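Working notes, beginning with the structure itself.
What follows draws every value from the coordinates through simple rules; no lab data is involved. Every value quoted in this text rests on a predicted model; they were computed, and no experiment measured them. Ideal geometry is used to build each Cβ from the backbone, glycine not excepted, and the neighbour counts take in all protein chains shown.
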Amino acid sequence: MGRKSPYPEEFRKDAVALYRAAGGKRTCAAVAADLGITAESLRTWVRKDQSQAAPEHRGTGLSAAEEPARLRAENARLLKAEKEWQLEREILRRAAAYFAREVCAVRC
């Protein structure tokens, strides 16, 4: 029996989406390192998402008109998540630069 994850469900979904958005160009470990989580956590979330998505899409019975709407909604969610990650990375970059200046000012 596993324990409850300390990460919110939305964070886990966004992490999986970020990994999948890389389209195989980035490893699971690289994406996980950017997010500050372990690679194994991300791999587990990806496997869980795959197992949940497979049965879900087989029996949905979405019409040809409904499927594009579903894809547009998913695309909008992923674009929003990407913007949030970009903002977070920019904030972290600025913070790192600030602390680097502070450390250099003290030691240099």
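Observations
- Looking at A64, A33, just one residue is among the hydrophobic types (A, V, I, L, M, F, W, C) and either assigned to a helix (DSSP H, G or I) or in contact with a Phe, Trp or Tyr (Cβ under 6 Å, 6 or more places away or on another chain) (or both), and that residue is A33.
- A count restricted to region 12-40 and to residues that are among the small types (G, A, S), surrounded by 19 or more Cβ atoms within 10 Å (Cβ to Cβ) and out of contact with any Lys or Arg (no Cβ under 9 Å at 6 or more places or on another chain) stands at 1.
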